[in-house]
Amino acid sequence: MDQEIYIIGLNHRTADVEVREKFALTGCTSLEPAIIPVGGNISEVVILSTCNRVEIMIAGKGDEIPETVLCHWANARGQNAEDLRPYVYIHRGLAAVEHLFTVASSLDSMVLGEPQILGQLKTAYKDAVKRNSTKVILNRLLHKAFSVAKRVRTETAVASSAVSISYAAVELAKRIFGEMSQYKAMLIGAGEMAELAAAHLINCGIDKIYVANRTFERGLELAKQFNGEAILFDELFTRLADADIIISSTGAHQAIIRAKDIKDILKRRKNRPMFFIDIAVPRDIDPDVNNLDNIYLYDIDDLKEVVEENLSHRREEAAKAKAIVRAETEVFSRWLRALDLQPTIVDMYSRSSDIAQEELQKTLRRIGPVDDNTRMALEAMLNSVVKKIHHEPICFLKRRYEEEDSGQRYIDFARRMFNLDNEPEHLDAHPDRKRPIPEIPVSCPGKEIL
C-alpha cells in the first residue's frame, strides 16, 4: 500500500492544561480543510480535539507529513511549531491503528473506561465526512475503531464500575434502593459535583429532583436543567422529609445537618430509609447522623474507596481489552495489506471482461441480429463465467497474501501469468512452437493404434 497512516497528537499525559488550551483546535471553524489542507502527499484527514487531547489522523505518503502537520497545526493557533514539538507524539502505520483503537476504547483516557471519548470521536468523524476530507482508508479505520470500542465494552467490564465521586454516590444509592423510579432526590448545593450527580440520577430514572442552594437563582437554574424543583435554603429541613436520597456538596465551613435535625424528619417519614451522600470538604453532614436507624450516610472518603476499588477492577479488565485491541489491529493490518491486491484483481476482471466482449461481438456478427433479451442473456452468461473462472485464483491470491510475508511475489506471478501489464512476448516464451506438431493417432473400430 502506497498510503501510510499517521496520528500526530498530544494529550493529558504529554501536556498540561495550559499547553492543551494553547493548541486546542475545537475553536477553529473549518477544521480539516483549513488546518491540514488535503492534497499533494496528504489525501485524508480527521481531527479530534477535546479538553484532554488533540489527535490529527492522516492518510498519505511521504516522511515529511508529520513535520507538515506540526507546522499547519501551530500556525492555525498562531503559535510556533518549535513550541509545540516537545509535547507531541507521532504514531505511524500499525502503531497508529493500535493507538486509535486504544483511544476509542477509552483505554487511554484520564478516567479509564469513560464513555465520552467514543462519542467525541464519532462527532469528529462525522464532521470530517461533511468536509469531504476522508476516503477509503480513514473511513474504514474509523468504522473499525467504533466496532472495536463496542467489542471492548461488550466483552469486558472496563466501563462497568463507578470511577467518579458523583457516579459512585449514585451507584451506592442504587444498591440501597434498587429500582430508582419511585424515589425522590434532593441536591444540597448546586455546583459541578451536584450537577454531575443530578445527571446520573436522571439516567437511573429517579422520579423527582429537588435543589436547595444558598443562591436561589443558581438552584433554580440547575433545577430547570433537570426538570426538577428549586427550594429556598431556609426551607431545607421542612422539605427534607420529601427526599429519599440526599446528596450534599456545599461550601459550608461546618456541618449543616446534624442528628437532632434528622430525628424529627424520620418521624414524619414513618422511619422510611434515607440515604445521605456527603461529598463536601469540609463535611456538610455530622457523622453522628449515621447512628440513627434507617439512615445510610457516606462521605467522600467512603466514595473514594469505592472509586479506587472500581478503578482496580477496571485496570484488570483493561488487560483483556488491550488483547482485543491487538487482535483487531492485526485484522485491520490484513485489510491494509489486501489493498495492494485490489489493482491486480480489478485488472484480472477487466482483461477477461474485455476478451469476453470481443468474443461476444464476433459471435453476434456470425449469427446475425438478435433481440435485446437474447443479447442481455448472453452478456449475463459471460459475466458469470468470468467471475466463476476468477473465483479460485483470487481466493488463492488473498490466502497467500494474508498468510505469507512474500505476498507481493504472488501479485507479480499473477500479473505476469495474465500479462496484465501488456509486456511484449519474448521469442523463446513458447519454445514448443518451433517443433513440428505431432500427429495425433486416431483409433478406428477394429484396428489397433500403432
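The values are calculated or read from the model by the stated rules, or taken from the named source; none is laboratory data. Since the model is a prediction, treat every value here as computed from it, not as a measurement. In this analysis, Cβ positions are derived from the backbone assuming ideal geometry, glycine residues included, and neighbour counts consider all displayed protein chains. Keep in mind that these areas ignore ligands, DNA and RNA; they rest on the heavy atoms of the full protein, side chains included. Shrake-Rupley method; radii C 1.70, N 1.55, O 1.52, S 1.80 Å.
So LYS398 clears everything in (1) touching a residue at least 40 places away in the same chain (Cβ under 8 Å); (2) in contact with a helix residue (DSSP H, G or I) (Cβ under 6 Å, 6 or more places away or on another chain); (3) basic (Lys, Arg) except one condition, right? Which one?
In the conditions (1) touching a residue at least 40 places away in the same chain (Cβ under 8 Å); (2) in contact with a helix residue (DSSP H, G or I) (Cβ under 6 Å, 6 or more places away or on another chain); (3) basic (Lys, Arg), LYS398 misses (2) alone.
So, of the residues in region 51-72 that are in a helix (DSSP H, G or I) and touching a residue at least 60 places away in the same chain (Cβ under 8 Å), which turns out to be nearest to ALA124 (Cα to Cα)?
Looking at the filtered set, the residue picked out is VAL69.
Which one is farthest from the chain's Cα centre (by Cα) among residues in region 309-332 that are of a type in the set (Gly, Ala, Ser) and at pLDDT 90 or above?
ALA319
Which ranges mark the helices (runs of 4 or more DSSP H) fully within region 140-251 that have 2 or more residues being under 30 Å from ASP108 (Cα atoms)?
165-177, 192-203
Give the residue that is least open to solvent (accessible area, probe 1.4 Å), with candidates limited to residues of region 73-87 that are of a type outside the set (A, V, I, L, M), in contact (Cβ under 8 Å) with a residue 40 or more places away in the chain and closer than 16 Å to ILE36 by Cα.
Filtering region 73-87 for residues that are of a type outside the set (A, V, I, L, M), in contact (Cβ under 8 Å) with a residue 40 or more places away in the chain and closer than 16 Å to ILE36 by Cα, the one least open to solvent (accessible area, probe 1.4 Å) comes out as TRP73.
Return only the number of the condition from (1) out of contact with any His (no Cβ under 9 Å at 6 or more places or on another chain); (2) crowded, with 22+ Cβ neighbours inside 10 Å; (3) under 30 Å from TYR296 (Cα atoms) that GLU179 does not satisfy.
It is condition (2) that GLU179 fails.
Report, by residue number, each residue of region 137-176 that is farther than 30 Å from ALA255 by Cα, open to solvent by less than 40 Å² (accessible area, probe 1.4 Å) and not hydroxyl-bearing (Ser, Thr, Tyr).
Those that are farther than 30 Å from ALA255 by Cα, open to solvent by less than 40 Å² (accessible area, probe 1.4 Å) and not hydroxyl-bearing (Ser, Thr, Tyr): ILE137, LEU138, LEU141, LEU142, ALA145, PHE146, VAL148, ALA149, VAL152, ALA157, VAL158, ALA159.
So GLY113 clears everything in (1) assigned to a loop (DSSP other than H, G, I, E, B); (2) under 23 Å from ILE42 (Cα atoms); (3) not aliphatic (A, V, I, L, M) except one condition, right? Which one?
Among (1) assigned to a loop (DSSP other than H, G, I, E, B); (2) under 23 Å from ILE42 (Cα atoms); (3) not aliphatic (A, V, I, L, M), the lone unmet condition for GLY113 is (2).
Give the number of residues within region 1-47 that are open to solvent by 40 Å² or more (accessible area, probe 1.4 Å), among the hydroxyl-bearing types (Ser, Thr, Tyr) and either closer than 13 Å to ALA59 by Cβ or modelled with pLDDT of 85 or more (or both).
1
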